[in-house]
Amino acid sequence: RCSLDETVTFSKTATTNLESGAVTLGLVEGDQLSVKDCLYGLLLKSANEVANGLEEHVSGSVEAFASLMNQRARELGCTGTNFVNPNGLNNSNHYTTARDMAFIAKAAFDNEIVRQVASTLTYQIPATKNAAARTVTMGHKMINPADSRYYEGVIGGKTGYSSLAGNTLVTGAEKNGKRLIAVIMKSSSSHYADT
């Protein structure tokens with residue numbers, strides 16, 4: 001719905017409408033990043049204000065973006081999912097299933113741009129109003145060959161955590177011409193071993 005070189009301008013709502021403890025890049029109202037930079041901030045750092053900024057850029061509002069997310073989920077065959085925000089922060093009306101996350105992950109890993117971003121170990125986010133240029137690192141430990149949890153063949157993935165969801169982990173791996181997707185939800189720090 002947009003190109004990688006488009007500029008996302010962050011609003012006050014995008015940068016302040018977050019629950020306590022939410023992961024961020026420290027962006028403030030008026031900061032600007034390219035869509036490409038946003039994708040790396042979102043998938044590597046899990047920056048919640050970046051999700052909000054992208055949502056505003058693409059559709060103008062949380063509600064409109066959630067509607068697009070729900071429409072796409074249904075197109076992918078999801079039957080137990082309802083999105084109400086772009087980042088998965090706690091909301092009793094925001095829910096999904098492991099099966100539905102696997103459908104969503106399959107579509108994501110079929111996308112070359114998402115696969116590239118979701119398998120990158122480090123990326124430099126340019127300077128913003130309150131921060132110099134900084135490097136973000138991949139949160140998914142199974143992608144990093146230097147980590148003891150590394151798994152050869154992982155093509156990408158996404159970590160998650162909220163107080164209600166616990167640790168979540170979606171991982172795609174390919175070996176011998178087969179692609180498998182593992183989805184772990186509501187883990188208590190065993191998500192890598194379970195995967």
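The values are calculated or read from the model by the stated rules, or taken from the named source; none is laboratory data. The model shown is predicted, which means the values in this text are computed figures rather than measured ones. Note that we place each Cβ from the backbone using ideal geometry, even for glycine, and neighbour counts take in every protein chain shown. Accessible surface areas use protein heavy atoms only, side chains included; no ligands, DNA or RNA. Shrake-Rupley method; radii C 1.70, N 1.55, O 1.52, S 1.80 Å.
Bridging of Lys178 to lysines at a Cα separation below 21 Å is possible for Lys106, Lys158, once same-chain residues fewer than 8 apart are set aside. Summarising the label geometry, the points placed 7 Å from Cα in the beta-carbon direction at Val58 and Arg149 lie 2.6 nm from one another.
Diffusion of the chain by Stokes-Einstein, at 25 °C in a medium of 0.890 mPa s and with Rh set to the Kirkwood radius over alpha-carbon pairs, works out to 143 µm²/s. Pairs of Cα atoms nearer than 8 Å and 6+ residues apart set the relative contact order; for the stretch 87-159 it is 23 percent. Contact order for the stretch 1-126, expressed relative to its length and based on alpha carbon pairs under 8 Å spaced 6+ residues apart, stands at 22 percent.
So what does log10 I(q)/I(0) come out to for the stretch 1-96 at q = 0.13, 0.17, 0.21 Å⁻¹, using the Debye formula with one equal point on every Cα and no solvent? Results for the stretch 1-96 at q = 0.13, 0.17, 0.21 Å⁻¹ read -0.43, -0.73, -1.08. Heavy atoms of the protein chains alone define the surface here; on that basis the chain has 53 Å² accessible area per residue at 1.4 Å probe size.
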